[in-house]
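Below you'll find the structure, written out as structure tokens, and then a few comments.
The values are calculated or read from the model by the stated rules, or taken from the named source; none is laboratory data. Please read all numbers here as calculations on a predicted model, not as lab measurements. Backbone-built Cβ (ideal geometry, glycine too); neighbour counts: all protein chains shown. Areas reflect the complete protein model, heavy atoms only, side chains present, ligands, DNA and RNA absent. Shrake-Rupley method; radii C 1.70, N 1.55, O 1.52, S 1.80 Å.
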Amino acid sequence: MAKKKKITRDDIFTIYMDYVIKNEEKPSDINDFCKESKIKEDDFLAHFTSLKKVEKAIYKELFLNSLEVLHESEEFSTFDAKNKLISLYFTFFENLTLNREFVLVSLKGCKNQVQSFSILSSLQKSFIQFIDELQISESILPIEGLEKFQQKLINQSLWFQLFFTIKFWLDDTSESFEKTDIFIEKSINTSFELLENKFLKNAFDLGKFIYKESFQKNAQ
């Protein structure tokens, strides 16, 4: 008799997403979810300790899959930071669109933005890691002494931008989500224009000067 194949993480992702689409709501209990999905609870618990962790992992997986697709292209490695980010957005939102039925139930069912942030927290960590690798602060704002502050500011700003782009896409009813495409290009171009603005660089220089003259002297 052939040995029964073990349930994998990817299997649970598929089963969970199918459940959400079919029932038009998220499962609330592991036991009930496993019974309806005809899988053993022990098989589920071997990979996840809660249903919320499955949902978080799905969004992270969609993001990592988008990155994987991009890295398969030799051309991607030659892009500058802005075009790498734009390419990631378009690839990621294509992935979201393929799974739109699930995402609509998953995120539109959130009562508030805090709940949405929680669901996307694993995605956020992976996205910020990607932004770190782009080294935007080094190429655009090379200001000695403020590297960590700059990077944190850029990371959080770009994460909020992605989050609100997702919210925009959820409500987009235009053909082929063309309004979201326009929103992506305009918002990223605007972000980089702000980062490249000499006024912003001068503001960082001023902040650095004030910090050195006031805080460091007082600490001595």
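Per-residue answers, yes or no, for (1) over 22 Å from Phe90 (Cβ atoms); (2) small (Gly, Ala, Ser); (3) at pLDDT 95 or above; (4) open to solvent by 10 Å² or more (accessible area, probe 1.4 Å):
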| position | (1), (2), (3), (4) |
| --- | --- |
| Ser139 | no, yes, no, yes |
| Glu144 | yes, no, no, yes |
| Glu147 | yes, no, no, yes |
| Gln151 | yes, no, no, yes |
| Leu162 | no, no, yes, no |
| Asp171 | no, no, no, yes |
| Lys186 | no, no, no, yes |
| Glu193 | no, no, no, yes |
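Test of understanding: among Thr97, Thr78, which residue is free of Cβ contacts under 8 Å to residues at least 24 places away in the same chain and among the hydroxyl-bearing types (Ser, Thr, Tyr)?
Thr78
May I ask you to list the residues in the range 49-62 that are surrounded by 14 or more Cβ atoms within 10 Å (Cβ to Cβ) and within 23 Å of Ile128 (Cβ to Cβ)?
Within the range 49-62, Val54, Glu55, Lys56, Ala57, Ile58, Tyr59, Lys60, Glu61, Leu62 qualify.
Residues that are modelled with pLDDT of 95 or more, under 20 Å from Gln161 (Cα atoms), in a helix (DSSP H, G or I) and charged (D, E, K, R): does the range 99-107 have at least one?
Yes: one or more hits.
Taking the criterion of being more than 26 Å from Leu194 (Cα to Cα), open to solvent by 50 Å² or more (accessible area, probe 1.4 Å), in contact with a Cys (Cβ under 9 Å, 6 or more places away or on another chain) and not hydroxyl-bearing (Ser, Thr, Tyr), would at least one residue in the range 25-40 satisfy it?
Within the range 25-40, one or more residues are more than 26 Å from Leu194 (Cα to Cα), open to solvent by 50 Å² or more (accessible area, probe 1.4 Å), in contact with a Cys (Cβ under 9 Å, 6 or more places away or on another chain) and not hydroxyl-bearing (Ser, Thr, Tyr).
Return the residues of the range 148-172 that are aromatic (Phe, Trp, Tyr), closer than 30 Å to Phe102 by Cα and without any contact (Cβ under 8 Å) to a residue 60 or more places away in the chain; say none if nothing qualifies.
Trp159, Phe160, Phe163, Phe164, Phe168
I'd like to check which helices (runs of 4 or more DSSP H) are fully inside the range 1-93 and have at least 3 residues that are modelled with pLDDT of 95 or more and of a type in the set (Val, Ile, Thr).
Here the list reads 9-23, 51-71.
Please identify the pairs in which a residue from the range 20-41 that is under 21 Å from Arg100 (Cα atoms) has its Cβ atom under 6 Å from the Cβ atom of a residue that is open to solvent by less than 30 Å² (accessible area, probe 1.4 Å) and hydrophobic (A, V, I, L, M, F, W, C), counting only partners at least 6 apart or on another chain.
Close Cβ pairs (under 6 Å, with a partner that is open to solvent by less than 30 Å² (accessible area, probe 1.4 Å) and hydrophobic (A, V, I, L, M, F, W, C)) amount to Val20/Phe102; Ile21/Phe102; Lys26/Val20; Pro27/Phe33; Pro27/Leu51.
May I ask you to list the residues in the range 63-101 that are of a type in the set (A, V, I, L, M, F, W, C), under 24 Å from Pro27 (Cα atoms) and surrounded by fewer than 19 Cβ atoms within 10 Å (Cβ to Cβ)?
Correct list: Leu98 only.
Consider only pairs whose beta carbons are under 9 Å apart and that are at least six residues apart or on different chains; among these, list those whose first residue lies in the range 51-72 and is on the phi < 0 side of the Ramachandran plot and among the small types (Gly, Ala, Ser) and whose second residue is open to solvent by 80 Å² or more (accessible area, probe 1.4 Å) and modelled with pLDDT of 95 or more.
Partner pairs satisfying both residue conditions: Ala57/Arg9; Ser66/Glu94.
Return a yes/no flag: does the range 199-207 have any residue that is modelled with pLDDT under 85 and in contact with a helix residue (DSSP H, G or I) (Cβ under 6 Å, 6 or more places away or on another chain).
no
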